Amino acid sequence: MEVDEAAVEKVVETAATEVVKKVEAYLNGRPSADERETRLRNRLSTLRDALIELKGAVAAPKKTYVEALEKTEEVVEEAIETGLKWNNMPWIEKWFGGPEYDDLFARIDSKVTESIDALQFGVIVNINAAVTGRGSEHPPNSELRSWLRPVEFGADVESYEARYVEGTRTWFFDSIKTWSRDFEATLCRAAVADAGFGKTAIMSHLVKMMDDRVLAVFLCRHNDPTKRDPRHMITTLAWQMAQKLESFRLILERARETEGTPDAVSISTDARVLADRLIFQPLSEVASELRDRASDGQGRYVILIDALDEAEHNSKNALLELVARDFAKLPSRCVCLLVTARREVDIRKKLAPLYPDYLNAEKYAAQCADDVRKFLRHALAPFLEGNELATAVSTLAAKANGSFLYLQYARESIERGDVDFNAYPVGLAGVYENELRRVFGEDGLGDANSKTRRVLDTIVAAEVLLHVTDDLPALSGVGEGDVVEIVHGLAQFLPVTDNNRITFYHKSFVDWLIGDGCDRTFDNSKFKVDATTAHRRLAAACAWSLVPFLRERTDRLESDMHAIDALRRTTSIADEGQQLATAPCGYALRWIVIHLLKAGLEDAALATLCSLGLIFERAAEPDTLISDAALLPRAALVRDALVLARNGVREAGTLWLAEELWQRLAPHAGACDFAVRLARDARKMARSALMYSAREAYFTPAGSALRCVLEGHSGRVKGMTAFVDEHGASRLASCSDDGVVRVWDPVAGGDALRVLEGHSDRVVGVTAFVDADGAPRLASCSVDGTVRVWDPVAGGDALRVLEGHLGEVKGVTAFVDADSAPRLVSCSYDRTVRVWDPVAGGDALRILEGHSRLVTGVTAFVDADGAPRLASCSYDGTVRVWDPVAGSDAPRVFKGHSGGVIGVTAFVDADDAPRLASYSYDETVRVWDPVAGGDALRVLEGHSGYVNSVTAIVDADGPPRLASCSDDGTVRVWDPFAGGDALRVLEGHSRCVKGVTAFVDADGAPRLASCSLDNTVRVWDPVAGGDALRVFEGHSGYVNGVKAFVDADGTRRLASCSDDRTVHVWDPVAGGDALRVLEGHSNRVKGVTAFVDADGAPRLASCSWDRTVRVWDPVAGGDALCVLEGHSRYVNGVRAFVDADGTRRLASCSDDGTVRVWDPVAGGDAPRVLEGHSNRVKGVTAFVDADGAPRLASCSWDRTVRVWDPVAGGDALRVLEGHSGYVTGVTAFVDADGAPRLASCSDDGTVRVWDSVAGGDAPRVLEGHSNRVKGVTAFVDADGAPRLASCSWDRTVRVWDPVAGGDAPRVLEGHSHYVNGVTAFVDADGAPRLASYSDDGTVRVWAPVAGGGD
């Protein structure tokens, strides 16, 4: 690749300068408040200096495209890490105590992150141009077509347009032209009429007549999955728009390059996300161009969607729902939407969000009758004239009853020479029955097992279009020759497509066959298709395909055998001697559950769904599995397990599916035989797999607290609310630092239903309310100083933007005024509370003032006399109660919190008395009586971090409860009347939990939803839902390391090291003061290890920032036995090991980037110096390779782990990469199969497990800590299984299964400050124990199996 180095250099430098300017402008824009502010600015200058270094990134010679980007990213990341470190430094809490400074840090971080995102995007785009010396070239349309894979409608439109008779339907076309040219007219027009009206022919002629204005067209078809799939509709419309608009095409070309997916449908399983990416966002970008074109007198562009009713499948019309909810986002002044559908009440109800203008055929009855006569005169003119023509027209018009489908039949009959009009049947029903009698005779379709009936049953009941020779013979059990003959006989009503698939002449023919929605003049019992029987036939055909498939599996799983028995019973519906049909395997896997259910065979459907073998075969499409399970009430637990496992399957395929299923099902399978069998089989499969160990559960069980995880926000989630949509379904809305509000289905999970965009900065709060007309609405507040009102059903732009606050808006809630009018109330950093009218918009109705500092939260409640009231809270430490109607000063001011109050919520007591709950930086929740006033009724304590949100819920047994969330990563459920400890502690988030809300599940069960800085929303069941054994105190500084060893008499001992420059020896069983205090280091002691001397005596080795390693006798005490010197910078870790010849050795690591090997007995210089790390080495461990050779592993701030040969020396044998932050610790252990493994921990908050021999990527990434992980150790559980323990600045120790992976089964909490290290040892009774040390100056001993507890 030719690189214009000067251009690259200029681009990077310009972008870097822009970042620096943005950060400096933000800092300089803040008024200097006091000395603390000045000190803060001095510390922040470090960040500015680090960013300025970015300019120097372009100075290196021979810089390539990739190198420029990598250097840019590296320097930026270093700057961000520098900034983040300040928030973790103890002096921040001391110097800058106060929530406003915490918020300032968050805002600085946000501004820098925004700048980085902009910089990286700009660098990528502009450097690409610099590298090639030109802008990007757009590939030919063929590549875009291959990516979008549109459904082709050219032949369909041409075929239907050929049926149009010139001069008819002019009233319709005139109406459409007038509507499309009126810029103030409705966005949507819906043409609603009965079957046979000719809607598709009209739409097809409209395409021809308004070719320059028809932007795109989609024809829905009930029996073609691609023509009823909303995602295929989106890609098809996008493709057609790209052919009309060059600017639109260019945007899609960029999207194709950016998304990097094999096809557009792969962008998301959610059609709404796809619509935003491929239609609405691109259209918004070209809207000005379209408006200019629309003003040329020809009017708005039109999108045509025909036969919306035909998109229904399995009682659901996803395509119609997408159109109704999302197409309001179309730019209505330049694009409009024309849809057609049959006259069905449900269609009107679902289209309501678009407020369509209905073009009803009944209104144009006279014109329609005239069109019928015009059509007949045109068709009959070649054959008749005069009175004969008039009589024929009158006769056929009466029989047609306005149906152009009937007229088309009449025209085709006339062209065949059949002019006996009196013999023509009456209406469409007569046509269908007449034609079937003509083909099959008076006996009709024959008995239940006749070939004709079996073929027609199969065609009608099939879930997809069937291939005449590939599918239909197999599914019907009828020979290929007979099938071809039968299909040929029905060709008038069963036309065959170009790719040899059978379709229907019209949906009304299917309705007539199954007796649904079509009037009959004659008895058609001999031609009727029994839908239940038809589905039984197909279920049997699928069963005959799947039974052999399951029998051939080698694992002989119990759930598979049960499914085989159920399926064999299903096949018994076939009579003896009947030729058995066998479905193609792909069809059978996908559709058997649906056919079994429609056939009324629920038990068989459940057994089939819960077959592990079939689940694995269908795992590539987990959404279809989940949708099938949702149709079976008894499969609720299995459905929950599949929902929870879906994200893992999407990321890793079936690699962990068995492990996930058994762990999620086993705890609550109970009396559900299907779930029990499935769980047992999954466990059996997991245990038999090479990489699995199925001993203890680490995945969250289905049916327990966690219901689903909603992912999609690209920034921290800051708030959430629950509401009910227009169909009564529960919904969640969340807001985030990414500036958007997302609407979710908390029951089904999956991608966001709506993404509401418009705020120009972080969105920090969202609430739900009901509009004056009963429609659900959302209101969000943002750092941009505005409140926005949204329609969560239709989506689109904000309905209202409420402006007036002079600072960031921190909260918003809704209430009903005394006149029952909806109102919003917001609070802000400008120290005010404002009341708004969300319907009329405009200025605030009331401005409530009184707080002396930032107002952080507000809630509404009803007083004892029924009057609306507001409660607000502030950093001034108070809660104030207001009258939002009268305004004026607050009649109640509640004091008691010792820190700023973050938020307040209202709930009703058991006696229906109003109550308030406030939460604060003092880590408590307080319950108040807003009427009587006075001190807090209850103080709820237990969180170990700031409490960020509180919500009220009703427990299953009726009493009200409170749920709170905190920076400690937990959600806690409380009894606000009895007080005391939390009833439930819900753990699972990996970072601070910023919001919690309550809602009711579809079955009426209470649920909680929490949102976190880990970018996820988690749904919990609040109903279902250990302390340290010893605490050693004595160090006067931070404890940096702890090691277990055995004394000379076999007694267990611990050794700890500290910033107080000492090593302490402890008795972990008896506790008490230190047995020995070893002194000699002249600087902080950062690590300690134990080993046995040549004569068997125990020894300790410690390392220090005085650049030495010292060897000690922990029994006799006294001075160091030897001092090992050689490192040129701080020594961070030391480890003992045995050389190949049995000699004891020590290995130390240092900020000088080296690992040194020492003789701890002889002393002297290091015989080996291992070099290779490019940054500080922070840890070293020893282990034995698979062939018995000693090895060392070191970890470094260069984000790598390196494996060394301490005997031969030389370069690293392995370099293990994957961590995104500094690697702070490494340990070795032996896997369940005896293979050596390494585990490393990092500032990226993860623990990674590595194969020390093969190298490569980490097979396990253990996530759960909400802050940097500073140490990791290995131990063996009571059952002999390997375990890891990690410690973190989130103040916890977590225990992990390094083989199975998953969440930490034990979280040990008790330290009050950062936990910096952990070690494992065995108690006197052989029980495993852990010892951790912390910046709180203590060492704590834990029981890792029981999870704590004395």
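The values are calculated or read from the model by the stated rules, or taken from the named source; none is laboratory data. Note that this is a predicted model, so its numbers are computed, not measured. Neighbour counts are summed over all protein chains in view; Cβ atoms, including those assigned to glycine, are modelled from backbone coordinates with ideal geometry. Accessible surface areas use protein heavy atoms only, side chains included; no ligands, DNA or RNA. Shrake-Rupley method; radii C 1.70, N 1.55, O 1.52, S 1.80 Å.
A few remarks follow.
- Test result for ASP276, surrounded by fewer than 20 Cβ atoms within 10 Å (Cβ to Cβ) and within 30 Å of ALA294 (Cα to Cα): no
- Residue in segment 484-491 that is at pLDDT 85 or above and among the hydrophobic types (A, V, I, L, M, F, W, C) present: yes
- Candidates in segment 1196-1214 are the residues that are within 23 Å of VAL1299 (Cα to Cα) and more than 33 Å from the chain's Cα centre (by Cα); of these, the one that is least open to solvent (accessible area, probe 1.4 Å) is VAL1203.
- Of all the numbered requirements in (1) at pLDDT below 80; (2) open to solvent by less than 30 Å² (accessible area, probe 1.4 Å), ALA1070 misses one, and that requirement is (2).
- Counting only residues that are open to solvent by 30 Å² or more (accessible area, probe 1.4 Å), over 26 Å from the mean Cα position of the chain (by Cα) and among the small types (Gly, Ala, Ser), segment 760-791 holds 2 of them.
- Subset of segment 582-603 [part of a helix (DSSP H, G or I), small (Gly, Ala, Ser) and open to solvent by less than 10 Å² (accessible area, probe 1.4 Å)]: ALA588
Here's the yes/no breakdown for (1) open to solvent by 60 Å² or more (accessible area, probe 1.4 Å); (2) on the phi < 0 side of the Ramachandran plot:
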site	(1), (2)
ALA1048	yes, yes
ARG1061	yes, no
LEU1075	yes, yes
LEU1078	no, yes
SER1082	yes, yes
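- Filtered residues of segment 1320-1337 (kept if at pLDDT below 80 and open to solvent by less than 10 Å² (accessible area, probe 1.4 Å)): SER1334
- Test: VAL858 is buried (at least 24 other Cβ atoms within 10 Å of the Cβ) and closer than 25 Å to LYS895 by Cα: yes
- Complete set of residues in segment 280-325 that are open to solvent by less than 10 Å² (accessible area, probe 1.4 Å), within 26 Å of the chain's Cα centre (by Cα) and under 23 Å from LYS199 (Cβ atoms): ASN317, LEU319, LEU320, LEU322, VAL323, ALA324
- Across segment 705-723, a minimum of one residue is classified as modelled with pLDDT of 80 or more and more than 23 Å from LEU1013 (Cβ to Cβ).
- Of the candidates ALA818, ALA794, the single residue that is open to solvent by less than 10 Å² (accessible area, probe 1.4 Å) and in a loop (DSSP other than H, G, I, E, B) is ALA794.
- Odd one out for SER450, checked against (1) closer than 30 Å to GLU388 by Cβ; (2) polar (S, T, N, Q); (3) open to solvent by less than 40 Å² (accessible area, probe 1.4 Å): (1)
- Residues within segment 299-328 that are farther than 21 Å from LYS244 by Cβ and touching a Gly at 6+ places or on another chain (Cβ under 8 Å), tallied: 2
- Where a residue in segment 142-165 is within 19 Å of ASN499 (Cα to Cα) and its partner, wherever it lies, is among the basic types (Lys, Arg) and not in a helix (DSSP H, G or I), with Cβ under 9 Å and at least six apart: ASP156/ARG221
- Of the helices (runs of 4 or more DSSP H) lying entirely inside segment 331-442, those carrying at least 2 residues that are among the β-branched types (Val, Ile, Thr) are 345-351, 386-400, 427-440.
- Test result for GLY1188, assigned to a loop (DSSP other than H, G, I, E, B) and in contact with a Cys (Cβ under 6 Å, 6 or more places away or on another chain): no
- Of note, ALA752 satisfies the criterion of being part of a loop (DSSP other than H, G, I, E, B), small (Gly, Ala, Ser) and at negative phi.
- One residue stands out in segment 158-193 among those that are under 20 Å from GLN408 (Cα atoms), open to solvent by 30 Å² or more (accessible area, probe 1.4 Å) and among the charged types (D, E, K, R): the one that is nearest to the chain's Cα centre (by Cα), namely GLU158.
- Matching entry among ARG1144, ARG1176 (being buried (at least 17 other Cβ atoms within 10 Å of the Cβ) and over 30 Å from ASP1277 (Cβ atoms)): ARG1176
- One residue alone among SER508, SER545, SER559 is modelled with pLDDT under 80 and not in a loop (DSSP other than H, G, I, E, B), and that residue is SER508.
- Options ASP575, ASP565: the member that is modelled with pLDDT under 90, open to solvent by 40 Å² or more (accessible area, probe 1.4 Å), in a helix (DSSP H, G or I) and among the charged types (D, E, K, R): ASP565
- Test set (1) open to solvent by less than 10 Å² (accessible area, probe 1.4 Å); (2) closer than 24 Å to TRP1197 by Cα; (3) part of a loop (DSSP other than H, G, I, E, B) - CYS1149 fails condition number: (3)
- Any hit, segment 827-839, residues being in a strand (DSSP E or B) and open to solvent by 30 Å² or more (accessible area, probe 1.4 Å): no
- SER284 vs. criteria part of a helix (DSSP H, G or I) and polar (S, T, N, Q): yes
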